[in-house]
Amino acid sequence: MTTSAMPLDGDTTARHIIGGEEGGSPSTAVMSPRNRHERVGLVAWGTAGEVDQAVAAATRAGAGWRQMGAMARGDTLYRAADAVAADADGLARLASWEMGKPVGEMRGEVARAVAILRYYAGDGARAVGEVIPAARADTLQYTRRVPVGVVGLITPWNFPAAIPVWKMAPALAYGNTVVWKPAEIASLAAYRLARLLGAVLGPGVLNLVLGEGPVVGAALSAHPGVAAVSFTGSTGAGQAVAAAALGHGAKFQLEMGGKNPALVLDDANLSGAVEAIVSGAMRSAGQKCTATSRVIALPGIRDRLVEALDARLAALTVGDPLDAGTYVGPLASERQMTHALDLLATGTPDGARLVRGGRRGGGSLRDGWYVQPTLFDHVSPSTPIAQEEIFGPAIAVLDATHLDEALAIANGVRYGLSASVFTRDLGAALSVVDRLDAGLVRVNEETAGVEYDAPFGGTKASSSHSREQGQAAREFYTDVRTIAIRPAP
Ligand code: NAD
C-alpha cells in the first residue's frame, strides 16, 4: 500500500524507520482527542536500542549524503516537497484526527511544510563561505560551512508537520543526516511524513524512532554519535535535553514555552485588535508556543475591548477538528485538558473575573478533550493564569494604567517568545518594539504567525537564544571551517 493510499480507518500503524527498514511492533493504541473512544491507529514504542541503530544508520548514510553535493541535495529536497504536497490532504486529516488541530489549520500547516522544504532546497545553490584576507599575500584564506554530522531532532505534537520540517529541511540541505524523535501523540502523522520523505531521500538519511520522551528522547540527546540536538517542547524537557547534550559535547538548540502578551493601546483599531487576539489565542485551541495568552489593555479602550472579545468568543464554532467549519477543536490529550482546566480553576479564587468559559466542553463534546473558549478580566500579574503557560483556549486581560506599566507587566514573566502591540501611533509602536523582551515582536498582528524565511526564537526561558528558520538555521546545522592554503615554496 502506498502512503497516499493509507485510509483513515483507525487501523493505521506506525513503526520506526531505521536505515530505510521499518521495525517495531505497533501495540500502543492512539485514541482521538475529539472522542476518547475512537481509535486512530497503533504505534510502536522504541527504546535506547532503536536509537543506537538509528544513529548508526544515519552515520552510515552520512558520507554519501555529503558527497552528493549541495545542489543535488537541493534537487532531492524539491522532490521531497512534491511528495509531501501530493499527500497534503491525507497527512493533514490524519494529524487532525490524531492531535485535534482543526483540519483547515492543519492543511495550512502542511502547505507551510512544503514551502519550507522548497525554501531550503534553494539553499543548495547558495554560497557557503567567504574569502578573508590572509597575512601573507600568497595565501588563500576562506571559510566554508560544513555539516555537523548526525543531528537528533526532538519535536512536539502541536505542529506535527511544520516544526519537524523546519528542523530537518535545513539539517538535510546543509549535508547532515537525521534521527527524528517526534512527540508521542503525533506519532502516526510523523510516520506518514517520514515515509513520504524517506522514499525520496534514500535509506538512513532520515531515520524515525517513535517512543516516550524520557526513554527515546533522553537516549537520543545523550547519544555520543549525535553531533547536534534540536529540541522544541516544554521548558522542563528542554533543560533535560540541554544537560544531556552538554554531557557529551553536542551542539544543542532549544525552543520552548511562551506566555505571550498583546498590548492594546488606547488608539488601537478595536475590531482589528480583537480579530488578531482571538485568532492568536484560539487557533489550535491555544496550543501554540506563540499563542496570545495575556492581553494588557490601557484604560481608554479596556472596557470596549473586553466586551468585544467576549462577543467574538461567543460566536466561535467549537467542535470536530475534521469539520472544515471548526474554529476551536479539542485539546490534544486528556493531560493537556486537565492541565489547562486546573490552571483556569485558579482564576476566580485569585481575584479575576471569569467573563466566559473556564470549563470543559459539554453536550456533544463531552467525549473529547474540549475546553470552552475562556476569557478572564482584571487578572493580577502575579497569579498563575498570568504567569504559567496554559496551552488552552484562554485569554487573561490585565489592567495597566499607562504604557510603562503595561510594558513592565508584559516583560514580568519568565518567558520571552512573542509579543504584540496594537496601536495607530507609529512613534509608540517603534518605542514599544524596542522595550518588549521577546524574540518576535509584531505590531497590529497576532503573536502567532511565524514566517519561515525569518529567524524565529525567544529570550529568557523560552529559548537557548539561538534562532531557527530563515538563513539563521544555517548557524546551527553547520560548523564554520576556516581554511588557509599557501602554495608550497
Ligand atoms: P514536551 O516537552 O512534553 O515534549 C516535546 C518533545 O520532547 C516530545 O517529543 C517529548 O517526547 C520529548 N521529551 C519529553 N521529555 C523528554 C526528555 N526528558 N528528554 C528528551 N526528550 C523529551 O512538550 P509538548 O507537550 O510536546 O509540546 C508543548 C510545549 O512545546 C509547550 O511548552 C510549547 O510552548 C512548546 N513549544 C514551543 C515552540 C517554540 O518554537 N518555542 C513551538 C511549539 C511548542
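Bear in mind that the values in this text are calculations on the coordinates, not laboratory data. This one's a predicted model, so the numbers in the text were calculated from it and none came from an experiment. Heads up, the Cβs are rebuilt from the backbone with ideal geometry, glycines too, and the neighbour counts pull from every protein chain shown.
What whole number of Å gives the distance from the Cα centroid of the stretch 99-161 to the Cα centroid of the stretch 181-259?
Rounded to whole Å, the Cα centres lie 16 Å apart.
Please compute the net charge surrounding residue 69, taking Lys and Arg as +1 and Asp and Glu as -1 over other residues with Cβ under 14 Å from its Cβ.
+3
Identify, among 291, 129, 115, the residue whose Cα sits farthest towards the positive end of the charge dipole of the chain, taking +1 on the Cβ of Lys and Arg and -1 on the Cβ of Asp and Glu, with the dipole about the Cα centre.
Ranked along the dipole, the leading option is 129.
Amide H of residue 371 versus every other amide H placed in the peptide plane: which residues, excluding those fewer than 5 positions away on the same chain, fall under 5 Å?
Counting only residues 5 or more places away or on other chains, the set is 331, 361.
Which residue, 143, 378, 321, has the largest displacement toward the positive end of the dipole of the chain when charges sit on each Cβ (Lys, Arg +1; Asp, Glu -1)?
Highest projection toward the positive end goes to 143.
Pick out, from 271, 58, 412, the residue whose Cα sits farthest towards the positive end of the charge dipole of the chain, with +1 on the Cβ of Lys and Arg and -1 on the Cβ of Asp and Glu.
58
Compute the Cα gyration tensor for the chain, then decide on rounded, prolate or oblate, letting a ≥ b ≥ c be the square roots of its eigenvalues: rounded whenever a/c is under 1.5, prolate when a/b is larger than b/c in the other cases, and oblate in all that remain.
The shape class here is oblate.
Roughly what % of DSSP beta bridges within the chain run antiparallel, to the nearest 5?
40 percent
What size of dipole, in debye to the nearest 20, comes out for the stretch 330-489 about its Cα centre when the only charges are +1 on Lys and Arg C-beta atoms and -1 on Asp and Glu C-beta atoms?
That gives a dipole near 320 debye.
Compute, for the chain, the length of the dipole vector about the Cα centre, with Cβ point charges of +1 (Lys, Arg) and -1 (Asp, Glu) only. Units Debye, rounded to 20.
1020 debye
Taking a ≥ b ≥ c as the square roots of the Cα gyration tensor eigenvalues, with a/c under 1.5 meaning rounded and otherwise prolate when a/b beats b/c, else oblate, which class fits the stretch 260-451?
Prolate is the answer for the stretch 260-451, as a/c is 1.5 or above and a/b outweighs b/c.
Taking a cut-off of 15 Å between Cα atoms, list the aspartates and glutamates near residue 460, but don't count ones fewer than 8 places away on the same chain.
The reachable aspartates and glutamates, counting only those whose Cα sits under 15 Å from residue 460, are 255, 388, 389, 437.
Might you report the magnitude of the Cβ-based charge dipole of the stretch 398-482 about its Cα centre, with Lys and Arg at +1 and Asp and Glu at -1, to the nearest 20 debye?
260 debye
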